[in-house]
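Since the structure comes first, as structure tokens, the remarks are kept for the end.
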Amino acid sequence: MKNKGMDGYPAVVRIEVRYRDLDPLGHVNNAVYLSYIELARVRYFERLGALEGALGRGEAPVVARAEIDYRRPIHLGEEVRVGARVVRVGRTSFAMDYRVEASGELAAEARTVHVWLGEDGRPEALPEALKARVAELEARPVEGL
């Protein structure tokens, strides 16, 4: 049965909590959540299928901002799922939202902002093919598309 909390997230990953992810209090360290959302972001990019050529040309999205709202701790042995979606597209940047669930409950919400860098390492306009693929992948309206 599909978890309705992940509806609207075109990329969802399952994560096994490792002992090394824990802090002295026995729950997942706050910094580890960034690694968890990165896994979901990479899955999203894989689903786009639009990055392979860009990376070969030296173009890539880089994280310019990350924010996380922690809702409850995650413990060893819990089933963790992270969903990723694009929520805004600008000229040179885009924003992604994430939902982190543990044992089917909301554990955190996050947002990252990415800037598209060209070969020279400077921001440049998002490729039209990338924007078109995001529009196809998302099952809902995205600001800026």
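The values are calculated or read from the model by the stated rules, or taken from the named source; none is laboratory data. This is a predicted model, so every value here is computed, not measured. Every residue, glycine among them, receives a Cβ derived from its backbone with ideal geometry; neighbour counts consider all protein chains shown. Please note that ligands, DNA and RNA were not included when accessible areas were found on the heavy atoms of the full protein model with its side chains. Shrake-Rupley method; radii C 1.70, N 1.55, O 1.52, S 1.80 Å.
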Test of understanding: given the chain, find the longest segment containing no trypsin sites (Lys or Arg not before Pro) that are in a DSSP loop and have at most 15 other Cβ atoms within 10 Å.
92-145
Rounded to one decimal in nm, the spacing of the 7 Å Cα→Cβ label points at Lys4 and Arg133 is 3.3 nm
Percent relative contact order for the chain, counting Cα pairs under 8 Å at least six residues apart, stands at 28 percent
For a quick size check, give me the Cα extents of the chain along its three principal axes, largest first, whole Å.
44, 33, 23
Sequence-distant residues sharing a close amide H with Ala64 (under 5 Å, placed H):
Val113, His114, Val115
Using only helices, what value at 222 nm comes out for the chain when you add -39,500 (n - 2.57) per DSSP H run of length 4 or more and divide by the total residues, to the nearest 500 deg cm²/dmol?
-6500 deg cm²/dmol
The local net charge around Leu76, scoring Lys/Arg +1 and Asp/Glu -1 for residues other than Leu76 whose Cβ lies under 9 Å from its Cβ, equals -1
Going by alpha carbons, how many degrees (0 to 90, nearest 10) lie between the helix axis of 32-48 and the longest principal axis of the chain?
40 degrees
Compute a Gaussian network model of the chain, connecting alpha carbons closer than 10 Å, and tell me which residue from Pro24, Pro73, Pro127 fluctuates the most.
Pro24
Roll a 1.4 angstrom probe over the protein heavy atoms and tell me the percent of accessible area of segment 1-96 that is carbon or sulfur.
50 percent
